[in-house]
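Participant: I'd like to ask you about the structure that follows.
A short reminder: the numbers here are calculations on the coordinates, not readings from a lab. Keep in mind the model is a prediction, meaning the values are calculated, not measured. Using ideal geometry, Cβ is built from the backbone for each residue, glycine included, and neighbour counts are taken over all protein chains shown.
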Amino acid sequence: MTGAGTPFAGYRTDLVAPPSFVVELAEFSGPLDLLLTLIREEQLDIYDIPIARVAEQFLLRIRTLQLNEAAEYLEMAARLLRIKAQMLLPRSDGEEPWDDPRSELVRRLLEYQQMREVVDVLERAGEERRSRFARAYTPLAAAPPEAPLALSLSELLAAVDRILRTTKDPTLHDVVSRSVDVPGAISVIRAILALRARTLWTDLVAPEAEPWQVLSTLLGLLEMAKVGECRVQQPRPFANVEITSDAASEAA
Amino acid sequence: MTPLAKLLEAALFASARPIPTEELAALDAEASKAAVAAALDELREHYDVDGHGVEIVEIAGGWQILTRAEYTEAIERAQLASRPARLSAAALETLALIAYRQPLGRAEIEEIRGVSVGSVLKSLHERGLIDVVGRGEGMGRPLLYGTTPIFLEYFALRHLEELPRSDELAVALRAEPRPL
Amino acid sequence: MTPLAKLLEAALFASARPIPTEELAALDAEASKAAVAAALDELREHYDVDGHGVEIVEIAGGWQILTRAEYTEAIERAQLASRPARLSAAALETLALIAYRQPLGRAEIEEIRGVSVGSVLKSLHERGLIDVVGRGEGMGRPLLYGTTPIFLEYFALRHLEELPRSDELAVALRAEPRPL
């Protein structure tokens, strides 16, 4: 198991990237995984990596896999190129032993490889465990006979009763709002004005009137005032509004 | 034990809910109904005759393995099977509403209860007592909730019709609590 | 079956998780350790010899009943239980490192894996597989992570020592561990 094709959920959440990118990235769990895969594919000696070739392959792969957006892959690519450059430097054939620029990379690859070995162990153990089920049933009701329940049916019924009592209308509230009835209000106002030439707002609107009725009356009044059917007056602020039928319209 | 009985045993143990007889039969496509019934009998007898600490019980139209009552106290004392938490009043009332008026949307519940019920719905759903049963009409096509078989199991009801009708409630509430 | 074995059986059946040996012993205050061990042996043998669909397994320093692997497919097909999701490669790699080098900080994991592991650590922590076990030296006193008993449970390990020692791994370790 090299991690190829395994899901990559943990990393994926980090990224805000187009889906295609995420899908491709899921093939490798990181730049070391990709590097190790290349080395295996090419059957290279990990202690003597032909760095120029590997760097080239690595770059090619991150381009074709569109991994070049992930910083970690780019960082590894840069590292490979740097090592490649260092390899090209002339070696001083002096007394000092040559410090192989690849040694750090080799160390990391070995370390990573070792970790992959542990991953294999864990993966096998995890699969073995996944092939068995534990007890899933949690005894909500404990043992059947006379087992104390956390919640009894009578408690539930009491809750139902509580709700039904505190709810005004046991059927669901009609959410369709009532439309304002302006023509209706106008005919009411006309009827009142026909009886009395002068009337008060409080006569037109009952104290228990619902908002839509208040609104209908108000709109009706305004409409009637506009066409000159009545006059609306308020002697002083907050005083009761007086409505008088217009003499002209009355005459008409 | 026959292989079929062993399969039933494993299934009863692994299932999070009681398994209806038809589902037990579906475990092995090649087994006849009679063979499954025989295997179930074999299994029940095994746990009966041997005097085991668990037994196979029929509940909510299905079968499950339960610990014998005489061990419940010791197990609970050791807190091995954590005791179920009590439902809050908010959760209880929401559950009651859903039980009686399902399918029911969140907006209606909130209107009746006068409080927001988002987290209550979530916890009832997590406990498996309610589930989404459809979508309502209207703006946003709201999710509609209903009770689940776990709800029935919880209250040891065979079906929803066993709940008293709302007009029988007063009587039901005065009556002695039913042994569950 | 002895009464003590029946009690242990009931407890093991009731628990979704392994029960530590001490907790099994605590089930019956009057039973000696030896008696509990004998009862456990009796029970294990019963489930072994009889060829049951379930068996008693030692996990994470405790005991747990699990279904036998051969019934898993049928149970899953019948949708009576579902297997937990596999861990991602990223999660497994991170867990492997923590299991072998705990306590271990985020920076060290990132150095070895070559990728950032913030969200992986978060999800492993949320699943209870790892926990913060201390703080390291150095800048910002980084959090150090270690594996939990749930980690052992997830992989059905009796203890961490069940994992191969690092000198048993095919890839040779560095001569001396780098100071992390």
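Participant: Apply the Karplus parameterisation 6.51 cos²θ - 1.76 cosθ + 1.60, with θ equal to phi minus 60°, to every residue of region A:217-224 and state each ³J(HN,Hα) to the nearest whole Hz, in sequence, with x for glycine and proline.
Facilitator: For region A:217-224, the Karplus-derived couplings read 4, 4, 5, x, 4, 4, 4, 5 Hz, x marking Gly and Pro.
Participant: Could you pull out the longest piece of chain B with no exposed loop GluC sites (Glu not before Pro) in it, calling a site exposed if DSSP puts it outside H, G, I, E, B and it has at most 13 other Cβ atoms within 10 Å? Could the numbers behind the result be given before it?
Facilitator: On the way: sites that count: B:30, B:137.
Free of exposed loop sites, the longest segment is B:31-136.
Participant: Still on this structure, please answer the following. Calculate the mean, over all residues of peptide C:12-25, of how many other protein chain Cβ atoms lie within 10 angstrom of the residue's Cβ.
Facilitator: On the way: counts 6, 15, 18, 9, 9, 3, 1, 3, 0, 0, 0, 3, 2, 1.
What the average comes to for C:12-25 is 5.
Participant: Across the residues of B:61-74, average count of Cβ atoms on other protein chains within 10 Å? Don't skip to the end; give the middle numbers.
Facilitator: Numbers: counts 0, 0, 0, 3, 6, 11, 12, 8, 7, 5, 11, 9, 1, 7.
Rounded to a whole number, the mean comes out at 6.
Participant: Which values of log₁₀ I(q)/I(0), to two decimal places, follow from the Debye formula for region C:1-103 at q = 0.10, 0.15, 0.18, 0.20 Å⁻¹ with a uniform point scatterer at every Cα?
Facilitator: At q = 0.10, 0.15, 0.18, 0.20 Å⁻¹ the computed log10 ratios are -0.40, -0.78, -0.93, -1.02.
Participant: Ordered by residue, what ³J(HN,Hα) values in Hz, to whole numbers, does region C:74-83 give under the Karplus form 6.51 cos²θ - 1.76 cosθ + 1.60, where θ = phi - 60° and Gly and Pro are x?
Facilitator: 4, 5, 5, 4, 7, 6, 8, 7, 10, 6
Participant: Straight-line reach from residue B:33: which lysines fall under 30 Å, measuring Cα to Cα and dropping same-chain residues less than 8 apart?
Facilitator: B:6
Participant: Sticking with this structure for a sec: At 15 angstrom or more along the helix axis (alpha-carbon based) and mean Kyte-Doolittle of -0.5 or higher, what helices does chain C contain? Whole DSSP H runs only.
Facilitator: Long hydrophobic helices here: C:3-14, C:33-49, C:89-101.
Participant: Moving on to the next point. Please enumerate, by chain and number, the aspartates and glutamates with C-alpha under 12 Å from the C-alpha of residue B:122, excluding those fewer than 8 residues away in the same chain.
Facilitator: In chain and number order, the partners are B:131.
Participant: Under the rule of at least 5 residues apart or a separate chain, name every residue whose amide H is placed under 5 Å from the amide H of residue A:100.
Facilitator: Counting only residues 5 or more places away or on other chains, the set is empty.
Participant: Would you pull out the residues with amide H under 5 Å of residue B:59's amide H, same chain only if 5 or more places away, H placed 1.01 Å from N?
Facilitator: When sequence neighbours closer than 5 places are left aside, the close amide H contacts are B:64.
Participant: Using amide H atoms built in the peptide plane, which far-off residues or other-chain residues are under 5 Å from residue B:105 H to H?
Facilitator: For residue B:105, the qualifying residues are B:145.
Participant: Between residue C:167 and residue B:58, how high is the FRET efficiency from 1/(1 + (r/R0)^6) when r is the Cβ-Cβ distance and R₀ = 45 Å? Nearest 0.05.
Facilitator: Details: r = 56 Å, r/R0 = 1.25.
Efficiency computed from Cβ-Cβ geometry: 0.20.
Participant: Take peptide B:106-119, look around each residue's Cβ out to 10 angstrom, count Cβ atoms belonging to other protein chains, and average those counts. List each step's numbers first, then the result.
Facilitator: On the way: counts 0, 3, 3, 1, 0, 4, 9, 3, 2, 0, 0, 0, 0, 0.
Taking the mean over all residues of the peptide, I get 2.
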